Amino acid sequence: MAKLKISGVSKAYGATVALSRGDLELEAGEVHVLIGSNGSGKSTLCKIVAGSVKPDAGEVLLDGKPVTVSGPQAAKALGIGIFYQELSLAARRTVEENICLPDLPMRGPFVDRRALSEKAARYIALFDGVTGGGFAADATVDVLRADQRQLVEIMKALATEAPVLIFDEPTSALDRAQVDRFFEILRRLKAEGRAMVFISHRMDEIFAIGDSVTVLRDGRTVGTSRIADTTPAEVVRLMVGEEQAQAAPAAAAETVKTDGAGPVGLAVSALAGPGFAGVSFAVRQGEILGFGGLHGQGQSSVLRALFGALPLAAGAVTLKGGAYRPHSPRAAIRAGLAYVSGDRGRDGVIQGRPILENVTPIHFLRNRLTLARPGPLRDKATPAVEALHTRFAGFSHPIGSLSGGNQQKIVIARWLIDRPDVLLLDDPTKGIDLSAKADLFALVRKLAAEGMAIVLYSSEDAELLANSDRILVFNGGRVTRELAGADRTRFNLYEAAYEAA
Ligand SMILES: Nc1ncnc2c1ncn2[C@@H]1O[C@H](COP(=O)(O)OP(=O)(O)O)[C@@H](O)[C@H]1O
Ligand SMILES: [Mg+2]
């Protein structure tokens, strides 16, 4: 009998179906891997088991008996502990307090500080030698690095001593030695008969620690297998889906201009900086070069370093054949670069100021203007704003009079008034609606056709495949695969993204 059995669990948030049919059977004494691309419903499934999300339908059986995990307290009472992907730590509390938070040792009405320290020390000791500098039982969590916080969240989950443990991407910020130590601990827990769910995007980790694997696709469980009976390629095939696996994207065909004819717009060689190394590529004028791979593999950092917003440690850059040394965004703008980010774009709105002031700051900077007459400025701004189908009543209206999507278009338009030579797109559609996305990509394609060199990082695989002439897959801060022409399939993209770096 399965230790934990989840069947037909579903959850919708308004129109978004986070999970349509989640099934999972977890045995005692195993590490059960849960895998699926971003947004496939993994975290939602975990949160349902941990009682922090209430399912719309479905059944959870523990030791064969139906249970209702009505909340985190109920989960604790049932013997279910969880590592939250987004972490659940109290920033201003100490490491030891956080570790013991789900189950504080009490003496009468008071927390027993001594028992608390002793208990925490046992879990901290498990990671002796790999916690790194600055890590201490009495340090507050807000001074710790990302990997150290992840270790505290692991210790906190372990301290529940729960028979069922769920780890939702516990290793994403850990280094090799930390992962090795964590896996030693998991093996011991396995031998003790604990049942564990483990989520990771790394095939090498999955095949090193997993006993079984369940694959989620678009909110439903599409397969389960023993690790010993499957292969990384088969797992990727399940994640992608048979029909999508080998299809090269149709939409990209119309933008393909990579006949090698256009002059090189931007070339970089052996670029290294925070979180990336050995990155070399050239993007031609008229070409859209895609950056793919799992989130946070260096794509964004490379773009920001090229724009002078992050320091470069090594490498050479040429812009339209001439040497270019990125050292500040201001210099980058004047050299003909533009940088559009979905996240940062929203922060870029100058609240309370008119639309005209919001659309022209880059124009001022690039042309070293201090004053300009509104009439000619409006004439300059109009084509870019219209190309994005921005809906607004007039340039003198406050930016706040626009919808969020239209505000975002104004922020994007500010980069396009002076026609940069190179356009760097850093996950540009994050947080914008579908029609705004379509308008943006229609414009990006047009700009490419007119000879702009464009680099596009997108965390949405469909968007990346549909709009890139060529794709560089980033993995562990390096470019590990180049996909061009008919090789630009979802299968190839996933395989390169998920394989060991
Ligand atoms: N609280 C929420 N509100 C709205 N949508 C959500 C919420 N949580 C998750 N979603 C959506 O549900 C889908 C599945 O999310 P998630 O379970 O986090 O996937 P995964 O962990 O596999 O990346 C995504 O499209 C996500 O945007
Ligand atoms: Mg998740």
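If the requirement is being touching a strand residue (DSSP E or B) at 6+ places or on another chain (Cβ under 6 Å), farther than 16 Å from V164 by Cβ and modelled with pLDDT under 95, which of these qualifies: S40, S20, S10? Checking each option against the conditions leaves just S40.
Run down R220, R226 and say which single residue is of a type in the set (D, E, K, R), in contact with a strand residue (DSSP E or B) (Cβ under 6 Å, 6 or more places away or on another chain), surrounded by fewer than 18 Cβ atoms within 10 Å (Cβ to Cβ) and modelled with pLDDT of 90 or more. Before the answer, list the steps.
On the way: R220 fails: surrounded by fewer than 18 Cβ atoms within 10 Å (Cβ to Cβ).
Residue meeting the stated conditions: R226.
Whenever a residue of the range 55-68 is more than 21 Å from V17 (Cα to Cα) and assigned by TED's automatic domain parsing to the domain that holds L24, its partners that are at pLDDT below 95 and not in a strand (DSSP E or B), lying with C-beta atoms within less than 6 angstrom and at least six residues away or across chains, give the pairs G64/M1. Screening the candidates M106, M1 for the property of being within 30 Å of P232 (Cα to Cα), away from ligand 1 (no atom under 16 Å from the Cβ) and modelled with pLDDT under 95 yields one hit, M1. Among the residues of the range 417-437, the ones that are under 19 Å from the mean Cα position of the chain (by Cα), more than 29 Å from N367 (Cα to Cα) and of a type in the set (S, T, N, Q) come to 0 in all. Pairing each residue of the range 115-142 that is of a type in the set (S, T, N, Q) with any residue that is surrounded by fewer than 17 Cβ atoms within 10 Å (Cβ to Cβ), provided the two are 6+ apart or on different chains, yields C-beta distances under 8 Å for S117/A137; T140/A91; T140/R92; T140/R93.
Test I355 against the criterion of being β-branched (V, I, T) and closer than 30 Å to A272 by Cα, and give yes or no.
Working: β-branched (V, I, T): yes; closer than 30 Å to A272 by Cα: no.
Answer is no for this residue.
For the subset of the range 24-58 comprising residues that are over 25 Å from the mean Cα position of the chain (by Cα) and either within 16 Å of ligand 2 (Cβ to nearest atom) or part of a strand (DSSP E or B) (or both), which member is surrounded by the fewest Cβ atoms within 10 Å (Cβ to Cβ)? Only one residue fits best here, namely A57.
Taking the stated definitions as given, is E495 in a helix (DSSP H, G or I), out of contact with any strand residue (DSSP E or B) (no Cβ under 7 Å at 6 or more places or on another chain), acidic (D, E) and farther than 28 Å from N358 by Cα? Give the steps one after another, and end with the answer.
Values: in a helix (DSSP H, G or I): yes; out of contact with any strand residue (DSSP E or B) (no Cβ under 7 Å at 6 or more places or on another chain): yes; acidic (D, E): yes; farther than 28 Å from N358 by Cα: yes.
Judged against the criteria, E495 is a match.
Among the residues of the range 75-96, those identified as buried (at least 23 other Cβ atoms within 10 Å of the Cβ) and either assigned to a helix (DSSP H, G or I) or away from ligand 1 (no atom under 16 Å from the Cβ) (or both) are A75, I80, G81, V95, E96.
For the criterion of being of a type in the set (A, V, I, L, M, F, W, C), surrounded by fewer than 16 Cβ atoms within 10 Å (Cβ to Cβ) and at pLDDT 95 or above, A195 fails. Within the range 166-180, being within 16 Å of ligand 1 (Cβ to nearest atom) and either outside the structural domain of H201 (by TED's automatic domain parsing) or not small (G, A, S) (or both) holds for I166, F167, D168, E169, P170, T171.
One line per residue, one yes/no per condition, for (1) modelled with pLDDT of 90 or more; (2) surrounded by 17 or more Cβ atoms within 10 Å (Cβ to Cβ); (3) out of contact with any helix residue (DSSP H, G or I) (no Cβ under 7 Å at 6 or more places or on another chain):
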position	(1), (2), (3)
P232	yes, no, no
K257	no, yes, yes
P263	yes, no, yes
A267	yes, yes, yes
A282	yes, no, yes
A323	yes, no, yes
H327	yes, no, yes
R334	yes, no, no
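At pLDDT below 90 and small (G, A, S): which single residue out of S458, S435 fits that description?
Numbers: S458 fails: at pLDDT below 90.
Answer to the check: S435.
Can you find even one residue in the range 331-347 that is touching a residue at least 40 places away in the same chain (Cβ under 8 Å), part of a loop (DSSP other than H, G, I, E, B), out of contact with any Lys or Arg (no Cβ under 7 Å at 6 or more places or on another chain) and not hydrophobic (A, V, I, L, M, F, W, C)? Yes.
Can G79 be described as within 16 Å of R220 (Cβ to Cβ) and more than 15 Å from ligand 2 (Cβ to nearest atom)?
No.
Scanning the range 7-19 for residues that are buried (at least 17 other Cβ atoms within 10 Å of the Cβ) and within 16 Å of ligand 2 (Cβ to nearest atom) yields a total of 5.
Against the condition in contact with a strand residue (DSSP E or B) (Cβ under 8 Å, 6 or more places away or on another chain) and small (G, A, S), how does A121 come out, does it pass?
no
Restricting attention to the range 165-183, the residues that are in a helix (DSSP H, G or I) and either within 16 Å of ligand 2 (Cβ to nearest atom) or exposed (fewer than 12 other Cβ atoms within 10 Å of the Cβ) (or both) total 1.
Could you check, for the range 115-125, whether at least one of its residues is under 28 Å from the mean Cα position of the chain (by Cα) and under 19 Å from R181 (Cα atoms)? No, there is no match, as no residue in the range 115-125 is under 28 Å from the mean Cα position of the chain (by Cα) and under 19 Å from R181 (Cα atoms).
The values are calculated or read from the model by the stated rules, or taken from the named source; none is laboratory data. From a predicted model like this one, the values you see are computed outputs, not experimental measurements. Cβ: placed from backbone, ideal geometry, glycine included. Neighbour counts: every protein chain shown.
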